[in-house]
Amino acid sequence: MSRQTKKSKDQQLWWQKGIVYEVYIRSFQDSNGDGIGDLRGVINRLDYLQALGVNIIWVTPFYKSPMLDFGYDISDFKSVDPMFGTMSDFDELLEETHKRGMKLVLDQVPNHTSDQHEWFQESRSSKDNPKRDWFCWEDAGENGTPPNNWMAMFGGSAWEWDEKTKQYYYHAFLKEQPDLNWRNPEVHQAVLKEMQFWLDKGVDGFRVDVMWHLIKDEYLRDNPENADYKPEQPTYNQLLPVYSTDQPEVHDIVALMRDMLDKYEERVLIGEIYLPIHQLVNYYGDDNEGAHLPFNFMLLTMPWDPKKIATSIDEYEGALPNNSWPNWVIGNHDQSRMATKVGEAQARVAAMLLLTLRGTPTLYYGDEIGMQDVSIPKDEVQDPQGLHMPDKDLSRDPYRTPMQWDESEHAGFTSGMPWLRMAENARQHNVKAQEEDENSLLSLYKKLIRLRQQEQALHAGRYRPVYSDKQLLSYIRETDEQRYLVVLNLSDKPCSFSKENFSFSGEIKLATTPGRAGTTVRNSIEVKKDEGLVIKLEA
Ligand code: NOJ
């Protein structure tokens, strides 16, 4: 029997009905004036998150770290970095989250550690250290060259020479982030134990970092060249990473993690995976014994084109294994912000799309107020991806700027100096201003979230495409009892919506444009520019 049929069809699990909100801790709320967000800051903003209606809080890494990759270089996974607070702050965050009926999901980084982690320190100490094989060590090729042509995501070769022990080690990211060797069962045990530590505390699950990177080709074959490489892309893209990522054995590792989670009641396993749809869906596992939610980044990576989006939704729906549950992501700390990509007016349509699609939605802090990428002068760049490839404009700092809360100095983020420059208009464009405006993006998000949670067709119903062209994207969400029609104009020109052999009548329940809700519509609709409509159809 498939694992997710344990519950009846309409009785959704919390991670199916819920809405994920990514808190990039460093930039969310500072509580001690050092200019860097912290755990207590998150605690102080839980009421805000509850009022917004999101109910699964994913917090980015807060573990001890040299912070070369802002916490994704962990030196002790069972600790809290003093920059972010203490273990008792963490315990309080968990308790306060649960008190509000919300869930807490932690970031887990099993692909690599910091080079300061004691495992790596031991591993690099000598060739016969018991932990030598916990990392990916290889002899040099002929003439001392690296073992193969694999490249690091942050630029350059993925192999670093260790003069002391005369071997190379592999790092998919910075040289200070050595990759663990997941072909070694001792590594499985060690990492699973660390995950257990947090599960025993009561966390509700994990977002697993770079899940598709975990296992590399056994024979270390060279990656082939990418004929479509463009110079503005990261150097990593010069090759197709067919041997260094997404290896068949990775699914056994994911299943191991899932097995461990299943020993606890209703925990969630989310995977960060950037792959085409047909490879992505393999991460659910053959019989749903893999990740519950392999992150679907389609909305982030594809053009804002209704026909292309409609096709991708169908491809995804069609590829999903039986009994698996979809998900959609609108923003994260590695990608340009949606409001920058599509503009202010379309950010409202994007919110409507995210919150009416079938599957768990994920939003990124600040998306709900339409935060934009902030241009960071070259001499202020902090992100390693930007620093290591300075000629390519790849820094992720612009989408990690501090949350804009109110009109006070530094927009209420900190009483000190923010670690990263904030948006110039932060004192005007913020949560407080939008809370006071019933037509703001924040108010729209709240209404969309409330409607989605209330209406079964929207949180649990089937998806059925209706019509798409170069302006419009439309679909139905339905259960046996309820039908909703969603009509989205992804362009800045008005258009009309009607379809041969499709007659309908209903009431507009929510619109991105003020004054439209409550109107009844029948068989055709004049859709304004940049307008999205959620229509409850008559039975
Ligand atoms: C994915 C994370 O989202 C990103 O921020 C980080 O740099 C890499 N993994 C390396 O851990």
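Across the range 384-416, the qualifying residues are those that are part of a loop (DSSP other than H, G, I, E, B) and free of Cβ contacts under 8 Å to residues at least 24 places away in the same chain, and the one among them that is least open to solvent (accessible area, probe 1.4 Å) is 395. Here the condition is being more than 14 Å from the ligand (Cβ to nearest atom), out of contact with any helix residue (DSSP H, G or I) (no Cβ under 8 Å at 6 or more places or on another chain) and within 23 Å of residue 404 (Cα to Cα); of 35, 41, 85, 53, it holds for 35 alone.
Listed here are the residues, each with its yes/no results for (1) assigned by TED's automatic domain parsing to the domain that holds residue 269; (2) without any contact (Cβ under 8 Å) to a residue 24 or more places away in the chain; (3) under 20 Å from the mean Cα position of the chain (by Cα); (4) open to solvent by less than 20 Å² (accessible area, probe 1.4 Å).
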site	(1), (2), (3), (4)
41	yes, yes, no, yes
52	yes, no, yes, yes
55	yes, no, yes, no
60	yes, no, yes, yes
63	yes, yes, yes, yes
79	yes, yes, no, yes
83	yes, no, no, no
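Does residue 182 satisfy being more than 16 Å from the ligand (Cβ to nearest atom) and surrounded by 23 or more Cβ atoms within 10 Å (Cβ to Cβ)? Taking the combined requirement at face value, the residue does not satisfy it.
Residues that are assigned to a loop (DSSP other than H, G, I, E, B), within 30 Å of residue 51 (Cβ to Cβ) and more than 16 Å from the ligand (Cβ to nearest atom) do not occur anywhere in the range 133-140.
Condition first: open to solvent by 20 Å² or more (accessible area, probe 1.4 Å) and either over 15 Å from residue 473 (Cα atoms) or assigned to a strand (DSSP E or B) (or both). Now tell me which residues in the range 522-538 satisfy that. Once the filter is applied, which keeps residues that are open to solvent by 20 Å² or more (accessible area, probe 1.4 Å) and either over 15 Å from residue 473 (Cα atoms) or assigned to a strand (DSSP E or B) (or both), the range 522-538 yields 522, 523, 524, 526, 536, 538. Taken together, the criteria exclude residue 134 from residues that are buried (at least 20 other Cβ atoms within 10 Å of the Cβ), farther than 21 Å from residue 191 by Cα and either touching a Lys or Arg at 6+ places or on another chain (Cβ under 9 Å) or of a type outside the set (A, V, I, L, M) (or both). Of 198, 150, 159, all but one fail to be surrounded by 16 or more Cβ atoms within 10 Å (Cβ to Cβ), of a type outside the set (Gly, Ala, Ser) and in the same structural domain as residue 334 (by TED's automatic domain parsing); the exception is 198. Looking only at residues of the range 141-172 that are touching a helix residue (DSSP H, G or I) at 6+ places or on another chain (Cβ under 8 Å) and in a loop (DSSP other than H, G, I, E, B), we find that the one that is nearest to residue 219 (Cα to Cα) is 172. Residues of the range 324-383 that are open to solvent by less than 10 Å² (accessible area, probe 1.4 Å), more than 30 Å from residue 483 (Cα to Cα) and among the polar types (S, T, N, Q): 332 alone.
Within the range 88-111, the residues that satisfy the criterion of being away from the ligand (no atom under 16 Å from the Cβ) and closer than 24 Å to residue 13 by Cβ are 93, 94, 95, 96, 97, 98, 99, 100, 101, 102, 103, 104.
The values are calculated or read from the model by the stated rules, or taken from the named source; none is laboratory data. Given the structure is predicted, the values throughout are model-derived calculations rather than measurements. All Cβ positions, even for glycine, are placed from backbone atoms using ideal geometry, and neighbour counts span all protein chains on display. Side chains included, ligands, DNA and RNA excluded: accessible areas come from the protein's heavy atoms. Shrake-Rupley method; radii C 1.70, N 1.55, O 1.52, S 1.80 Å.
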